[in-house]
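Working notes, beginning with the structure itself.
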Amino acid sequence: MSALIEALRHRLPAERVITDELRRLAYGTDGSFYRLIPEVVAVVDDEAEVRDVIDLARRHRRPVTFRAAGTSLCGQAVTDGVLVLLGEGLATCRIAADGATVSVGPAIIGAEVNRRLAPLGRKIGPDPASINAAKIGGIAANNSSGMCCGTAQNSYRTLAALRVMLADGSVLDTGDAASVAAFRRSHAGLLDSLARLAGDVRDDAALAARIHAKYKIKNTTGYSLNALVDFTDPVDILAHLMIGSEGTLGFIAEVSYHTVPEYAHKASALVFFPDMESACQAVVGLKQQPVDAVELLDRASLRAVADKPGMPALLRTLADGATALLIETRAPDAAALAARIAAVLDELRRHPLIEAPAFTTDPTEIERLWNVRKGTFPAVGAVRKPGTTVIIEDVAVAVPMLAAACLDLQALFAKHGYLEAIIFGHALEGNVHFVFTQDFGIESEVARYAAFMDDVCRLLVEKYDGSLKAEHGTGRNMAPFVELEWGTRAYALMRDIKQLFDPEGLLNPGVIINDDPAAHLKNLKPMPAAGQLYAPVDRCIECGFCEPQCPSHGLTLSPRQRIVGWRELSRRQAAGEAPGQLGQDYLYMGLDTCATCGLCSTACPVGIETGALTRAVRGEQLSGVARSLGRLAANHFGATQALARSAIKAGHLAEAVIGTRALSRLSGGAWKEGMPTPQPLANAGRASRSQGDKVVYFPTCAGRMFGADTPEQALSATVIRVLERAGYAPIVPAGVNELCCGQSFASKGLGDDADRKSAQLEAALMKASDNGKYPIVLDASACSLRMKTFLAGRLPVFDLVEFAHDALLPRLMLAKKTDPVLIHLNCSARRMGFEAKLKQLAAACAEQPVHPPEVKCCGFGGDRGFAVPELNAHALRKLDVPSGCCGGYSSNQTCEIGLTHATGLPYRSIVHLLDECSAEAARLASC
Ligand SMILES: Cc1cc2nc3c(=O)[nH]c(=O)nc-3n(C[C@H](O)[C@H](O)[C@H](O)COP(=O)(O)OP(=O)(O)OC[C@H]3O[C@@H](n4cnc5c(N)ncnc54)[C@H](O)[C@@H]3O)c2cc1C
Ligand code: SF4
Ligand code: SF4
């Protein structure tokens, strides 16, 4: 163990000093195509820890790189030194009473800040497309921006105050007068030097004018030199230099933003032009109109998404060269929105269009149009050859030059053979992205990339005086070209700035300032083919968008990190190398602690479900014995279930004798407090009564296995009672105790057995529903999702949440519960899109339903929670129980076990809530 690691272990809790090969590899990846493997990852939870880690790194002469969400695209969030990972202690958020400002810690996700601001009709200005994953530290340190924020609402422009820690450990809080006064005394030398640099720039009129001009368009190449011309107080200059400094000048400990309005009324139109010139000419006109976003899509972008479901038919028939603009306008009310639409349509009338423009205010239609835009980048990523990388470049030119620049770029694609390349982007700001695929495994391909980038950079700088990085930051990728873009004098200023703040070169060396002209061609990330068991994995662009969804993220690995690990294992296997300790660690971190909840797929731009990879690998890992046992269980399902029921009964007996804690300890955490007792087997094969609308009800295995305190409270008895109360005559399929949807087999990697059980259930449901004549309801969301996917529409299967919302609510009288009740939207219900339905159900039954916003999957993972209880505990660590709350409701029994254990409150199926409220309403009506 190195002396540095030993020292870090003395300062931080052991679990926050990460040294194993697997996780160092996993954290050696960001959204870019660079890889550097950190010597150690130190997870920090407060400012004092940051100070001490920087100090230790200095003493051991190791560089430090801060990492927020690691979604950066230019290699600025990787290092071979100390990677300082921002922990949850730094995810703070304080909103001013009027919502006009918000002070946020660097580890909070941008979208989470917006979620908290939404009730006040406000949001933060910066709006990168990655905002659902990117954190404030990265958003501010990259000066990120997106479709609407332009140059007016980025972090630089909306900064109200900044709390920053310099490399020497000192802290400046520009929002605190005492801190500013103390800093002026302690750091007079630094502030004088900054004032002098700013004075030098002001004295050089040509340079000052150039700096002003370059920030009229988006620019994140190099340091934010506009700080030297926009401000005279060196404290302001320092604060604004930190924005866009990519962790090379200091640690951003808190950002206070002026918030911006979030208008509820929106309208969008997708408008087609015959060619690039006329589209870009229209952008010049639209810039004078009340538009919030104008996104350009070239013909190749439109072609890339033309065959995806829901795309406008016109996309398939457009002529070569046709170009689209996706326009959005927003307003505080409907009247203002109508006026804005009229103004935009007036402008569009002056331009040649392929068809008449039409704005829509229908949210579904708006979403459909934006899916055209959002689908472009993934479309290229998804069709690339295994083993290649997808690259997204990010340039800007003055809007009047946009058409010429795009056409020149298209010519360079042709010259260098990047025939799949597409152009899209924020036309209103002259900012376009171009996306292409690249093989970095072959030397000649690296040379092709190098020649292409040289041409692109020269074109953009020499012909258009453009920005080589408009919003993604310089990183390692554009560091060799900063001087080309800015010129010798401005670049010298940037070097002076780095020297002033970080004379020892401790903070993120090689990023922004780099003496190596080939730095952008080094440390390229290998992308070995890894789709042998689950092909979609080769599409992964390692963007990290899936991470906030994952219950094991921060405990062991995230979905992205599972893929990174799996790629390396695949590479080793192909090269004939042993998996080594990395392979050993993958068993627990990659496989055992994946809940296979599939929530990662809900955020993945290229449609990867990492849980499916886990299932496939688990299946591959199973020994012959395990497979045979699985087959035996599938073939004799009724007997297996009876055994399980007996085991649970025995557990309850033991619990009564030795107590819950002792049994939980003895069972390694598998036995949970509040474990339901097995319920009696359901009567099957006939309708429960002669009157009423027929509905098939399939009581799923977990509900059959785990019971309740009394037979009446058993899940199946409750579902049947509520269905009957709503006027239905439920039919339980014959032979129910032998039936199972196959989900528990699938999650263990027993795909064939799972499919066999699903097919068997399909046949039984077919019979019970008279070939699909009656609706079929399943009482566990995981099983509903499994059967809906398996059946692909062959039978009318409904999840209980869905059926209760659509069919029971209109038929039931409900008396609302008054005390707060916790509601858990489990991963399967979430994946089926039932969030709104569950919320409406809860609102119909309870005056105070509580939906904990930061809880996603409970981590119980079917039966995973029995084997790895730490996953359940980690997944629910942010679940706060409101005072006066006596219980919670969900729609999956195993999740309910995990939730009960984590909160100490009884969690039950949402049908119990419906039962109680409808029974109470009936009682009140009869009084
Ligand atoms: C598919 C995709 C789409 C994207 N779209 C956009 C877009 O539309 N617009 C855009 O601007 N970007 C975009 N990005 C790039 C990236 O997501 C953003 O720049 C994002 O804001 C980075 O945030 P992060 O939390 O991931 O930061 P990280 O990648 O973790 O870090 C970014 C930089 O900030 C530094 N840093 C982090 N925390 C601190 C701190 N507390 N103090 C000092 N330095 C710190 C890091 O050292 C690093 O240099 C996209 C990325 C992907 C993968
Ligand atoms: S799995 Fe999808 S969301 Fe996750 S890193 Fe890969 S591409 Fe991004
Ligand atoms: S399936 Fe669930 S636990 Fe597994 S990687 Fe995806 S989000 Fe994480």
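What does region 389-444 give for Rg and for Dmax, in Å, if only its C-alpha atoms count?
Here Rg and the maximum Cα pair distance are 12.3, 39 Å.
Sort out for me the Cα centre separation of region 870-912 from region 244-318, rounded to whole Å.
41
If I take the Cα coordinates of region 1-105 and project them onto the principal axes, what are the three extents in Å, biggest first?
51, 34, 22
Short version: what are the Cα gyration tensor semi-axes of region 724-822, square root of 5 times each eigenvalue, largest first, in whole Å?
Rounded to whole Å, the semi-axes are 27, 18, 11.
Over region 182-283, what is the relative contact order in whole percent, taking alpha-carbon pairs under 8 Å and six or more residues apart?
Dividing the mean separation by the residue count of region 182-283 yields 21 percent.
Could you list, bin by bin from short to long, the percent of Cα-Cα pairs of the chain in 10 Å steps?
P(r) over the chain, rounded to whole percents: 2, 11, 19, 23, 20, 14, 7, 3, 0, 0.
In the chain, with Lys and Arg counted as +1 and Asp and Glu as -1 at Cβ, which of these residues, GLY793, PHE272, GLY510, has the Cα nearest the positive end of the dipole, that is, farthest along it?
GLY793
Three principal axis extents, largest first, for the C-alpha atoms of region 458-559, in Å?
Rounded to whole Å, the extents work out to 53, 35, 23 Å.
So for the pair ASP819, ASP362, with labels modelled 7 Å out along Cα→Cβ, what separation do we get in nm?
4.6
What percent do you get for the relative contact order of the chain when only Cα pairs under 8 Å and 6+ apart count?
Relative contact order for the chain comes out at 10 percent.
For region 378-501, what mean projected area does the convex hull of the alpha carbons give, in nm²?
Mean projected area of the Cα convex hull: 8.7 nm².
Quick one: dipole size for the chain, taken about the Cα centre, charges +1 on Lys/Arg Cβ and -1 on Asp/Glu Cβ, in debye to the nearest 20.
I would put it at about 2180 debye.
Let me check the size of region 784-927 from its C-alpha atoms; what are the radius of gyration and Dmax in Å?
15.6, 50
Report the relative contact order of region 46-148, percent, no decimals, based on alpha-carbon pairs under 8 angstrom and at least 6 residues apart.
Once divided by the residue count of region 46-148, the mean separation gives 23 percent.
Considering only DSSP beta bridges with both partners in the chain, what is the antiparallel share in %, to the nearest 5?
In the chain, DSSP labels about 65 percent of beta bridges as antiparallel.
With 27 Å as the limit, write out which pairs from LYS123/LYS856; LYS287/LYS374; LYS216/LYS308; LYS788/LYS837; LYS385/LYS757 have Cα-Cα distances beyond it, or answer none.
Table pairs above 27 Å Cα-Cα are LYS216/LYS308; LYS385/LYS757.
If neighbour count is taken as other Cβ atoms inside 10 Å, put ARG384, ARG571, ARG373 in order from fewest to most.
Final ranking by Cβ density, sparse to dense: ARG571, ARG384, ARG373.
Charges only on Cβ, +1 for Lys and Arg, -1 for Asp and Glu: so what's the dipole of region 167-267 about the Cα centre, in debye to the nearest 20?
In total the dipole reaches around 400 debye.
Taking Cα centroids, how far is region 798-847 from region 320-391 in Å?
34
Treating cross-link reach as a plain straight distance, find the aspartates and glutamates whose alpha-carbon is under 16 Å from the alpha-carbon of LYS748, omitting any fewer than eight places away in the same chain.
ASP592, GLU609, GLU620, ASP863
Contour minus end-to-end for LYS385 and ASP346, with contour as 0.36 nm per residue of separation and end-to-end as the Cα-Cα distance?
9.5 nm
If you average 1/r over every pair of different alpha-carbon atoms in region 155-235 and take one over that average, what Kirkwood value in Å do you get?
14.0
Please arrange TRP370, TRP486 by how many other C-beta atoms lie within 10 Å of their C-beta, fewest to most. Can you show the working numbers first?
Numbers: TRP370 17, TRP486 24.
Fewest-to-most Cβ neighbours within 10 Å comes out as TRP370, TRP486.
Pick out, from GLN561, LEU228, MET832, the residue whose Cα sits farthest towards the positive end of the charge dipole of the chain, with +1 on the Cβ of Lys and Arg and -1 on the Cβ of Asp and Glu.
It is MET832, whose Cα lies furthest towards the positive end.
Place the peptides 610-621, 215-226 in order of packing, highest mean first, counting for every residue the other Cβ atoms within 10 Å and averaging per peptide.
215-226, 610-621
Could you please state, rounded to a whole Å, how far the C-alpha centre of region 726-793 is from the C-alpha centre of region 187-241?
Result: 66 Å between the Cα centres.
Using only the Cα atoms, what convex hull volume per residue in Å³ does region 43-188 have? Walk me through the numbers on the way to the answer.
Working: hull volume 18.5 nm³, N = 146.
Output value, Cα hull per residue: 127 Å³.
Taking every pair of alpha-carbon atoms in region 228-338, give the share separated by more than 18 Å as a whole percent.
67
Beyond 17 Å, what share of the Cα-Cα pairs of region 866-922 remains, rounded to the nearest whole percent?
It works out to 44 percent of all Cα pairs.
Please rank MET527, MET494, MET242, fewest neighbouring Cβ atoms within 10 Å first, as an exposure proxy.
Exposure proxy ranking, most exposed first: MET494, MET527, MET242.
Please report, in debye to the nearest 20, how large the charge dipole of region 196-315 is about its Cα centre when each Lys and Arg carries +1 at its beta carbon and each Asp and Glu carries -1 there.
Taking the Cα centre of region 196-315 as origin, the dipole is about 320 debye.
Could you point to the residue in VAL53, GLY87, CYS149 farthest towards the positive end of region 23-181's charge dipole, with +1 and -1 charges on the Cβ of Lys/Arg and Asp/Glu respectively?
Farthest along the dipole direction, towards plus: CYS149.
Where a number appears in this text, it was derived from the coordinates with a stated rule and is not lab data. Computed from a predicted structure; not experimentally measured. Note: ideal-geometry Cβ built from the backbone for every residue, glycine included; neighbour counts use all protein chains shown.
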